[in-house]
Amino acid sequence: MNEIVREVKVLPTYYDGTKFRSRLEARWAIFFDYLRIPYRYEYEGFDLDGVWYVPDFYLPKQDYWIEVKPVSPSEKEQDKCERLAKATETSTYCFWDIPRPWDGSDDGPAYAWRSEWYFNWDNCHNFIQCHNCGAIRIEYYEHSYWYCNHCDSEADNEAKQLKIAYEVARRFRFDNFKIAESGRIINEN
Ligand SMILES: [Zn+2]
């Protein structure tokens, strides 16, 4: 894994009252915020057989751990995700790069340890959203659409809100935003 690339990209970033270790993590926070997905940043640490690990995000509504990396995870990083998923019996997803929709390739944008039936490691996971109720979850890309767990309507990875959230997260300018009296973030870009 190219450690130099990682060094360059790590820029602590303040956003919404939280200091994120990297701008990349802050962009993911913006992605979650736009979609009104509650998240907890560096919520809890775990001793995984002697390896101390604090996952980047916990999404309480979906019950996911989300790890964010600049580039696709190394074997060591994949191993940590696996240990976390098994120790906490919680699906763990490792996204890399800026928030972006799945582009149809076999590589990315997320690897996952999923716990629905048993734990297994798989690539090519992406966020999907229900067209009717807006519920969001992560699924393997093998279908072009899915059904919502809540209302049984169609859900897919190209829902309009999802597309906008990717755009907003990618284009957000951290040096140029104000906090309104209401507490809302106003980006003047
Ligand atoms: Zn729904």
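Relative to one another, the C-alpha centroids of the range 135-150 and the range 50-124 are positioned 17 Å apart. Residues whose amide H falls under 5 Å from that of residue 15, counting only those 5 or more places apart or on a different chain, are 20, with hydrogens built in the peptide plane.
Using helices alone, what [θ] at 222 nm do you get for the chain, with -39,500 (n - 2.57) per DSSP H run of 4 or more residues, divided over all residues and rounded to the nearest 500? Display every interim value, and only then the final one.
Values: 4 runs with 45 residues, N = 189.
Calculated from helices alone, the mean residue ellipticity at 222 nm is -7500 deg cm²/dmol.
Mean 1/r over all different Cα pairs, inverted: what Kirkwood radius does the range 3-172 give, in Å? Spell out each step's value before the answer.
Numbers: mean 1/r = 0.0613 Å⁻¹.
Kirkwood hydrodynamic radius for the range 3-172: 16.3 Å.
Here the simple spin-label model places points 7 Å from the Cα toward Cβ, and for residue 123 and residue 61 these points are separated by 3.0 nm.
So, R0 is 25 Å and r is the distance between the beta-carbons of residue 142 and residue 48; what FRET efficiency does that work out to, to 0.05? Each step should come with its number before you reach the end.
Numbers: r = 29 Å, r/R0 = 1.18.
E(calc), rounded to 0.05, equals 0.25.
Fully extended, how many nm does the chain gain between residue 40 and residue 71 (0.36 nm per residue separation, minus their Cα-Cα distance)? If you can, show how the numbers build up before the last one.
Details: separation 31, 0.36 × 31 = 11.16 nm, distance 2.23 nm.
Additional length available on full extension: 8.9 nm.
Ranking 94, 26, 109 by how far each Cα lies toward the positive end of the dipole of the chain (charges on Cβ) leaves 26 at the top.
Given Cβ point charges of +1 (Lys, Arg) and -1 (Asp, Glu) and nothing else, what value in debye, to the nearest 20, does the dipole of the range 3-172 about its Cα centre take? The partial results should precede the final answer.
Working: 21 positive and 30 negative charges, 154 e Å.
About 740 debye.
Which of 169, 81, 141 sits closest to the plus end of the dipole of the chain, meaning its Cα is farthest towards the positive end, when Lys and Arg get +1 and Asp and Glu get -1 on the C-beta? Farthest towards the positive pole: 169. Under 5 Å between amide hydrogens, built in the peptide plane, is the criterion, and for residue 46 it picks out 53, 54 among residues at least 5 positions away or on other chains. Highest mean first, the peptides 56-67, 38-49 sorted by other C-beta atoms within 10 Å per residue fall in the order 56-67, 38-49. 3J(HN,Hα) along the range 124-135: 6, 9, 8, 6, 10, 9, 6, 6, 8, 9, x, 4 Hz, from the Karplus curve 6.51 cos²θ - 1.76 cosθ + 1.60 with θ = phi - 60°, whole Hz, x for Gly and Pro.
Read-outs throughout are calculated quantities, based only on the coordinates presented, and are distinct from any laboratory measurement. Please read these numbers as outputs of a predicted model, since none were measured by experiment. FYI the Cβ positions are ideal-geometry reconstructions off the backbone, even for glycines, and counts take in every protein chain you see.
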